[in-house]
1. Would you mind giving the mean number of other chain beta-carbons within 10 Å of the Cβ of each residue in A:580-589, as a whole number?
2. How do A:181-187, A:259-265 rank on mean C-beta neighbours within 10 Å, highest first?
3. Would any residue of region A:197-222 have its amide N under 16 Å from a label point 7 Å out along Cα→Cβ of residue B:57? List them or say none.
4. Determine the gain in length on full extension of the stretch residue A:442-residue A:307; use 0.36 nm per residue of separation and subtract their C-alpha separation, reporting nm with one decimal.
5. Provide a whole-number value for the mean count of partner chain Cβ atoms within 10 Å of the Cβ atoms in peptide B:114-125.
6. How crowded by other chains is B:97-108, given as the mean number of beta carbons from other chains within 10 Å of each beta carbon?
7. Using the structure shown, list the pairs from B:214/B:250; B:6/B:250; B:51/B:260 with a Cα-Cα distance above 19 Å, or answer none.
8. Return the tail of the calculated pair distribution for region A:249-337, meaning the percent of Cα-Cα pairs more than 16 Å apart.
Amino acid sequence: MDSSRKASTKPQQKNKNGNSLLARFLGHPASSDNVQQHGAVDAHDGIGLRSHKTPPESDDLAVDRTAYKRFNFPTNEQQRRNEGWQQSSVPKTIGRINTSAVDDTLMRNEFYNLRDVSLTIGSRNRLATDNMVTNKQGYSHQIPILSKYCPPPPLLPAAVTTPPSPTESLPTREKITQLKQCDIIRDGKLVCDDTLWIRGSKIIDAKTAFYEGLQPDEVIDFGEIEVGGGRRRRRPIIAPGFIDAQINGYFGWDFADSERISEALDHVSKGLVKYGVTSFCPTVVTSLPDTYHKVLPTIAEKRGPQKGQAEILGAHIEGPFISVTKKGAHNNEYIHAPVNGFQDIVQVYGKFVEPLSHDDSANNNSAIKIITIAPELEGAYEAIKGIRDAWGDQIVVSIGHTEATYENAKKALECGATMVTHLFNAMSPFHHRDPGPVGLLSAEDLPPGTRKPTFGIIADGVHASPSSIRVAYKSHPDGFMLVTDALAAAGINSSSPYKPTELTLGSMSITRVPVANNSDATRVVITGTDTLAGSVATMPECIANMVKFCGCGIVDAVNAATAVPAKALNIYGRKGVLRDGADADFVVLNLGGAADENDDGDESIFNVSRVWIGGEEVFF
Amino acid sequence: MRLIIKDSYADVAQYTAEYVLARITEFNPTPARPFVLGLPTGSSPVGVYKKLVAFHREGMLSFKHVITFNMDEYVHLPRDHPESYHSFMWENLFKHVDILPQNVNILDGNAKDLETECTEYEAKIAAVGGIELFLGGIGPDGHIAFNEPGSSLSSRTRIKTLAYETIIANSRFFDGDVNKVPKLALTVGVGTVMDAREVLIIISGAGKALALAKCIEEGVNHMWTVSAIQLHPRGMIVCDEDATLELHVKTVKYFKSIEKVHSLLTTEGSKVGLDGKVRYSAGSK
């Protein structure tokens, strides 16, 4: 614009455009690439010089006006392309100018401001810039300059880089699945009407993912379904996958059988999925050192996440350092005391316990997860201390099969034990003057640096009476961990493919017998005796029983099968909880007993309807 | 301005949700012509969002071609803080419906340059063609969004300091500690809201009664910023009986009578459309 324009108000561009009315609404009549439909703001270059009074004569903004700080903008399309200006769909601030609004005509002519955009959408233009423009002189403001063109990026020093090949440059995005309209157990509490997002084999935080712009590839909508009779079925509950810390075998397979340990682990891992168990610790009962040296390497090899089957966390070694009088179904001959402390431990269990051999230690990857030991035996305290010194939190020492007094048990905690193996069973009973290991649950005088231990409970109704279980739960609900202590006899029915003629638990033969007065329940005993030998319970049965016995809701019972064992085994965060970064191992529970909206119904009636492991649906 | 008086909050939420549903359905949004909706936060719209989610679940309402703009957000509060407005919108609406993440616009209180964030927000609204329907709530002091009394009625999106009263009121969400409550917020201006083609304010409860009375019976005043709705060509207020406690009986009777006539007119195949325009042939927009 040259100085002569200042005074003229006549439309001078009539000839150039052939239409004076049009000229008034167009931006730059002078430049040919701007003659387009009138009224459209983005028909021209983005500097909206849409004057109501005088169209500018030229599109040259370089005229010096001392009242303003000038912003250099190439108005010519060609110039812009030469200089490398980019176009964006949303106007961005490219600078600001200070103004004292001396000449409002000039203001409207020169800058692309919000006012010009709003002309197209409504009749009310109440922009701050308007007020500034019409104010008296001496009023100074900063006006942002918006443009749909962004300045070219500053020139970077030439970097020699080979461009990535097409297949390498983009990481293949993992599939995102969304589950919605379900109640999710998050950090031990039920969140209603929530949604779970999974990416690949991990769970991601849905809110963050959404605001980052991610969308799910697959949506599974549970919805609410009317059950007949006007009853509303509750939304399904999504719980973390169950963790079983004590399984001796299942479906006819026995983990103490060193000949077929590999097959046993495969079959059991696959078979447990339908019970909702997504991680477990294969338990090896008292055996000769030879057995351990054969079985432990196989367990070590097979642990870690696997597709389509439950994850083996690590071995739970129960014995041989247990009390002879409390051996349960273990073989008398192999039981002995760790007289030489930690050395005996290493000698019996082999290289997986040696302090030198843990190159996996940095990754929390000990092949042995739990060692059950009776603390009152000679050398046991030293053994426990040795294990904890060598492995820290990676191996959990658990008190079990023991005649320990209350003092023995406390000393064991001081040495580093943090768990109690199947409370009540195979241990000194609760006596009012010497509560034994059971007394730890309500102890207030624990040694400094120790806490009340986590305790396993076999809630099959056979191993402990409901009343005892309730007492234990009320004393220490945070430490209540459900275990099945299942063995080879479990999971076999008339349609099982594998039905061995003889069922074993290590070197002992076991038989399944019906429980007196209860034709449905069965118990497993050592053949020919009355001694209980593990259970045939499944984890969902144990959870249902816990709801009935303890009077807690389904959420607390599920916590006892997920969060508590995960915390005890120091894997909370990866397992046992549904939060960002956790493994996508979870189960969908359908509750059956709800009557109406105000009543949760009988929460012990439920079934495991779908199971996901590592983000893949493996059971439905 | 229309004032629709309902019996209780549940009816207010039902009416508002049905109105939004009807507007979106009549508009029939497509990717080229999306429905731009302005959304509030707070306790008033919670019932509305629940009903909208229910409509979505019944298949009556899809958010695929709906672009939303929120009114406000705290400054320097992490986005995933449970009290941030990002979390509020996620929990109450976005989690349950099929809105696309790129169509969701909420001010970013953690942007490096907050002023630029505000001007770009305005530009984004303009770029999508302006807001079709702006829902809003009201504060006990008559404010809309965070435009506290004294805010200019022509204001645009900007940074606003929160009044001490507001900080104290909000401290209940921050463990009762006033020091944890953010003191600054980004908010759309009164001018921005009134630039929308339609504005719908939800007012419920006796606590808002005085604000409602000041906003509609007295003049346009920057001390009661919702009063700017008096200058809007298509403003609507939906309120419950409790919120009318400070209004003149005459006002209440008058608006109830108008709505009675309006409801007679807006039946199926009627002459008057939802947007108040006269239809010259039945069924056309």
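All of the numbers you see were taken from the coordinates with simple rules; none came from a lab. Just so it is clear, the structure is predicted and the values come from calculations on it, not from any experiment. For neighbour counting, all protein chains shown are included, and Cβ atoms are generated from backbone atoms with ideal geometry for every residue, glycine included.
1. 0
2. In descending order of packing, they fall as A:181-187, A:259-265.
3. Only A:220-222 pass the distance filter.
4. 44.4 nm is the gain from fully extending residue A:442 to residue A:307.
5. Mean shielding by partner chains, rounded to a whole number: 4.
6. 2
7. B:51/B:260
8. So the pairs more than 16 Å apart make up 53 percent of the total in region A:249-337.
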